[in-house]
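Step one of this worksheet: look at the structure below.
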Amino acid sequence: MFFPISNSHISPIYLAVIGFLIGVMGGFFGVGGSFIAGPALRAVGLDWNFAVGTDLAHIVGKSVVAAKRHRALGNVDLRLGFIMAIGTMGGAEVGAQLIQMLKRAGNVNSVVSIVSIAIYVSISSFMIWESWRTLQYQKRRPRSKVAGTATKQDESSFSHRTKAIQGFRLCPMISLPTSGVKAISLWVIILVSFIGGLFSGFLGGGAGYIRMPMMVYVLGIPTHLAVGTDLFEIIISASYGTFSHAIKGNVDILIALVMNTGAAIGAQIGAISTQYFAGPKIRLAFVPLPLIGAAIVIYTMMSGHKL
């Protein structure tokens with residue numbers, strides 16, 4: 001099928017299947033799936049600037065479906081989501097401007113490919129280390145009587161590192177009752193969301209692969225709430241990112257719509273599935289996904305042609 005906006009030929013079945021898989025991952029892990037979507041679009045010949053902008057566009061619709069389901073399950077901290085949207089939109093604009101700068105310089109494909117590989121491998125390496133350590137710790141201690149209740153406060157959320165960050169007293173300090181955080185600096189939340197937004201604008205998607213782990217490890221948000229809240233926040237930030245990239249000519253809305261046909265179904269399946277897994281297991285299951293994205297990017301770079 002020919003898509004005139006990006007001047008590309010891509011199978012609609014391929015796009016729908018990719019959208020479905022990303023929808024499942026988004027609903028389950030609270031991520032936009034750009035670590036798969038971006039490389040998958042790049043692999044069939046789309047330039048990185050179109051892959052980034054188009055991925056953001058398709059993520060908006062998928063995140064609405066998944067966030068609605070997580071909201072019904074009680075996995076969304078609305079206060080945290082709205083606060084994070086502020087920093088994310090600022091970061092997304094900076095990321096989009098960097099893409100424009102590289103596009104004008106003519107090296108957008110090579111630079112974004114190298115950065116994406118480094119980020120994806122780093123995230124997976126850290127999460128496999130942390131999740132495995134947490135699961136081993138759980139095996140050695142008696143099972144809590146309150147495990148599985150509404151608190152869902154997995155072990156890593158209250159590590160010494162997270163407590164130290166929450167003890168950083170730079171006003172204004174705010175509380176997040178839904179997430180069980182009594183006091184945390186507003187600027188820490190803004191910084192976390194800005195970093196996520198920066199990668200969203202630069203690598204595409206909602207950058208949940210950055211923001212969801214940071215919500216758990218830096219802000220101390222329980223995994224289930226981090227998943228649902230990140231999806232809610234992605235609706236706002238990805239909408240802004242889509243608009244920013246659209247006015248720069250980096251969005252093929254027809255490709256995004258085809259991908260959404262599969263993503264809307266997959267997102268509901270993924271969201272419902274989170275009920276049956278503990279936080280550390282969700283994080284451990286997330287580990288291979290960025291590595292798959294990195295492998296696709298490496299293959300595309302080495303082969304010199306699309307799939």
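The values are calculated or read from the model by the stated rules, or taken from the named source; none is laboratory data. Bear in mind that the values here come from a model prediction, so they are computed numbers and not experimental data. Don't worry about glycine lacking a Cβ; one is built from the backbone with ideal geometry, like all the others, and counts go over all protein chains shown.
Among the residues of segment 126-138, are any surrounded by 19 or more Cβ atoms within 10 Å (Cβ to Cβ), at pLDDT 70 or above, in a helix (DSSP H, G or I) and within 21 Å of the chain's Cα centre (by Cα)?
Yes.
Whether any residue in segment 186-201 is in contact with a helix residue (DSSP H, G or I) (Cβ under 9 Å, 6 or more places away or on another chain), more than 19 Å from M25 (Cβ to Cβ) and in a loop (DSSP other than H, G, I, E, B) is what I want to check. Steps first, please.
First, the residues of segment 186-201 that are in contact with a helix residue (DSSP H, G or I) (Cβ under 9 Å, 6 or more places away or on another chain): 186, 188-201.
Now drop any that are not more than 19 Å from M25 (Cβ to Cβ), which leaves 186, 188-195, 197-198, 201.
From what's left, in a loop (DSSP other than H, G, I, E, B): none.
The answer is no, given that none of the residues of segment 186-201 is in contact with a helix residue (DSSP H, G or I) (Cβ under 9 Å, 6 or more places away or on another chain), more than 19 Å from M25 (Cβ to Cβ) and in a loop (DSSP other than H, G, I, E, B).
When both residues are 6+ apart or on different chains and their Cβ atoms are under 8 Å apart, which pairs have a first residue that lies in segment 35-56 and is on the phi > 0 side of the Ramachandran plot, and a second that is outside any helix (DSSP H, G or I)?
These pairs meet every condition: G45/S8; G45/H9; G45/I10; G45/K306.
Among the residues of segment 65-75, is any buried (at least 24 other Cβ atoms within 10 Å of the Cβ) and closer than 24 Å to K182 by Cα?
Among the residues of segment 65-75, at least one is buried (at least 24 other Cβ atoms within 10 Å of the Cβ) and closer than 24 Å to K182 by Cα, which makes the answer yes.
For segment 47-64, enumerate the residues that are buried (at least 24 other Cβ atoms within 10 Å of the Cβ) and modelled with pLDDT of 75 or more.
Scanning segment 47-64 gives W48, F50, A51, V52, G53, T54, D55, L56, A57, H58, I59, S63.
Might you let me know whether segment 266-275 holds any residue that is assigned to a helix (DSSP H, G or I), in contact with a strand residue (DSSP E or B) (Cβ under 7 Å, 6 or more places away or on another chain) and modelled with pLDDT of 75 or more?
no
Within segment 76-86, which residues are crowded, with 20+ Cβ neighbours inside 10 Å and in contact with a Leu (Cβ under 7 Å, 6 or more places away or on another chain)?
Residues satisfying the conditions are D77, L80.
So that you can scan it fast, the table gives a plain yes or no per residue for (1) among the small types (G, A, S); (2) under 30 Å from I272 (Cα atoms):
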{"site": "N75", "(1), (2)": "no, yes"}
{"site": "A92", "(1), (2)": "yes, yes"}
{"site": "L98", "(1), (2)": "no, no"}
{"site": "K103", "(1), (2)": "no, no"}
{"site": "N107", "(1), (2)": "no, no"}
{"site": "I119", "(1), (2)": "no, yes"}
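State yes or no: is K103 part of a helix (DSSP H, G or I), of a type in the set (D, E, K, R), at pLDDT below 85 and farther than 24 Å from L21 by Cα? Step through it out loud before you land on a result.
Values: part of a helix (DSSP H, G or I): yes; of a type in the set (D, E, K, R): yes; at pLDDT below 85: yes; farther than 24 Å from L21 by Cα: yes.
Considered against the rule, which asks whether it is part of a helix (DSSP H, G or I), of a type in the set (D, E, K, R), at pLDDT below 85 and farther than 24 Å from L21 by Cα, K103 comes out as yes.
So for segment 36-50 (the condition being part of a helix (DSSP H, G or I), more than 24 Å from T229 (Cα to Cα), of a type in the set (K, R) and in contact with an Asp or Glu (Cβ under 9 Å, 6 or more places away or on another chain)), does at least one residue qualify?
Taking segment 36-50 and keeping what is part of a helix (DSSP H, G or I), we get 36-43, 48-50.
When the remaining residues are screened for being more than 24 Å from T229 (Cα to Cα), the result is 39-43, 48-50.
Of the ones still in play, those that are also of a type in the set (K, R) are 42.
Add one more test, that the residue is in contact with an Asp or Glu (Cβ under 9 Å, 6 or more places away or on another chain), and what stays is none.
Within segment 36-50, none of the residues are part of a helix (DSSP H, G or I), more than 24 Å from T229 (Cα to Cα), of a type in the set (K, R) and in contact with an Asp or Glu (Cβ under 9 Å, 6 or more places away or on another chain).
Could you run through segment 158-178 and say how many residues are within 30 Å of L56 (Cβ to Cβ), at pLDDT 85 or above and either within 23 Å of the chain's Cα centre (by Cα) or not in a strand (DSSP E or B) (or both)? Give the steps one after another, and end with the answer.
Initially, segment 158-178 is screened for residues within 30 Å of L56 (Cβ to Cβ), giving 162, 165, 174, 176, 178.
Okay, now just the ones that are also at pLDDT 85 or above, so 174, 176, 178.
Remaining after also requiring either within 23 Å of the chain's Cα centre (by Cα) or not in a strand (DSSP E or B) (or both): 176, 178.
Looking only at that region, the number is 2.
Within the set of pairs 6+ apart or on separate chains, which have a first residue in segment 262-288 that is more than 21 Å from I210 (Cβ to Cβ), a second that is small (G, A, S) and modelled with pLDDT of 70 or more, and C-beta atoms under 6 Å apart?
Here the result reads G262/A16; G262/G19; G266/G23, each pair linking segment 262-288 to a residue that is small (G, A, S) and modelled with pLDDT of 70 or more.
Among I22, I114, I13, which is the only one that is in a helix (DSSP H, G or I), β-branched (V, I, T) and touching a residue at least 60 places away in the same chain (Cβ under 8 Å)?
I22
Pick out the one residue from L102, L46, L80, L56 that is farther than 30 Å from K182 by Cβ and touching a strand residue (DSSP E or B) at 6+ places or on another chain (Cβ under 9 Å).
Selected residue: L46, the only one of L102, L46, L80, L56 that is farther than 30 Å from K182 by Cβ and touching a strand residue (DSSP E or B) at 6+ places or on another chain (Cβ under 9 Å).
Out of all the residues in segment 276-284, is one or more farther than 20 Å from P222 by Cα and either modelled with pLDDT of 75 or more or of a type in the set (K, R) (or both)?
Among the residues of segment 276-284, not one is farther than 20 Å from P222 by Cα and either modelled with pLDDT of 75 or more or of a type in the set (K, R) (or both), which makes the answer no.
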